[in-house]
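The values are calculated or read from the model by the stated rules, or taken from the named source; none is laboratory data. Computed from a predicted structure; not experimentally measured. Note that we place each Cβ from the backbone using ideal geometry, even for glycine, and neighbour counts take in every protein chain shown.
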Amino acid sequence: MIESEATTELAIAEARGAPAAAFLPSLAKHRPVTLSVAVLVFSLLTAVSAYVAVPLGVTPVPMTLQTLVVLLAGALLGPVAGAASQLVYLGMGVAGVPVFAMGGAGLPWLFGPTGGYLMAFPLAAALTGWIAGPDRGKLRVGLAIAVATSVIFALGAGWLAVVTDRSFDAVLGAAVQPFLPGALIKAAIAFVVIRQVKTRTVPR
């Protein structure tokens with residue numbers, strides 16, 4: 001009787017799991033397509049966010065929403081796909097599609113004042129995804145956002161110094177300080193969004 005009940009329960013469990021097991025190969029089959037679509041979506045979001053630009057006057061670099069999208073791409077897609085989305089975005093801009101800040105396009109744009117920030121996007125997305133990890137815990141997400149934002153500032157400021165031949169203090173005043181309030185706001189938004197997505201998709 002005990003064996004019969006155990007056998008019955010095992011059969012029921014297998015029967016319940018059968019639809020899910022049958023669905024897994026299909027899910028695995030379509031995952032590359034889904035990921036490719038997500039990469040394209042985030043590259044387009046980066047392009048759209050470039051048009052949300054505010055000239056600051058004290059710097060040739062406008063404030064945009066792009067860094068927010070870069071952080072989300074890395075954390076939500078992972079390091080490889082996140083970086084790929086930014087490489088696709090840069091590829092579109094280099095090819096002549098007006099996807100850079102305020103409608104800029106072309107390879108020379110990467111050698112202008114904003115070039116350092118743009119070239120930092122793939123690296124920043126990769127670091128965000130790598131540090132945040134698949135579980136996206138609070139500490140790791142916070143650290144990921146801080147590191148990625150610092151990398152964007154460092155490369156952006158470094159390249160601006162090369163292009164404009166400004167002193168260290170002048171570069172800080174033009175490439176970092178004006179963007180700090182916005183960076184803090186975008187970091188907070190990214191943290192909340194990433195954590196919300198984690199809470200809804202990963203069981204506690």
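Looking at (1) assigned to a helix (DSSP H, G or I); (2) at pLDDT below 90, which one does Ile194 not meet, given that it meets all the others?
(2)
Would you confirm whether any residue within the range 49-62 is among the hydroxyl-bearing types (Ser, Thr, Tyr) and under 16 Å from Ala183 (Cα atoms)?
yes
For the list (1) under 12 Å from Thr46 (Cα atoms); (2) buried (at least 18 other Cβ atoms within 10 Å of the Cβ), I need the number of the one condition that Gly78 fails.
(1)
List every residue pair whose Cβ atoms sit under 6 Å apart, with the two residues 6 or more apart in sequence or on different chains, where the first one lies in the range 87-98 and is touching a residue at least 12 places away in the same chain (Cβ under 8 Å) and closer than 16 Å to Thr114 by Cα and the second, anywhere, is hydroxyl-bearing (Ser, Thr, Tyr) and buried (at least 17 other Cβ atoms within 10 Å of the Cβ).
Tyr89/Ser43; Tyr89/Thr46
Output yes when any residue across the range 49-63 is among the hydrophobic types (A, V, I, L, M, F, W, C) and at pLDDT 95 or above, and no when none is.
No, every residue in the range 49-63 fails to be among the hydrophobic types (A, V, I, L, M, F, W, C) and at pLDDT 95 or above.
Give the range 102-123 a look and list any residue that's buried (at least 18 other Cβ atoms within 10 Å of the Cβ) and among the aromatic types (Phe, Trp, Tyr), or say none.
Trp109, Tyr117, Phe121
Checking Leu87 against (1) buried (at least 17 other Cβ atoms within 10 Å of the Cβ); (2) touching a Pro at 6+ places or on another chain (Cβ under 7 Å); (3) at pLDDT 95 or above, only one condition comes out false. Which one?
With respect to (1) buried (at least 17 other Cβ atoms within 10 Å of the Cβ); (2) touching a Pro at 6+ places or on another chain (Cβ under 7 Å); (3) at pLDDT 95 or above, Leu87 is out only on (1).
Tell me, please, whether a residue that is polar (S, T, N, Q), exposed (fewer than 14 other Cβ atoms within 10 Å of the Cβ) and either free of Cβ contacts under 8 Å to residues at least 40 places away in the same chain or in contact with a Pro (Cβ under 9 Å, 6 or more places away or on another chain) (or both) can be found in the range 185-200.
Yes, the range 185-200 has at least one match.
Do you know which residues across the range 35-67 are of a type in the set (Gly, Ala, Ser), under 22 Å from Gly78 (Cα atoms) and loosely packed, with under 15 Cβ neighbours inside 10 Å?
Ser36
Being surrounded by 18 or more Cβ atoms within 10 Å (Cβ to Cβ) and either aliphatic (A, V, I, L, M) or modelled with pLDDT of 90 or more (or both) narrows it down to one residue among Ala146, Ala154, Ala126; which is it?
Ala126
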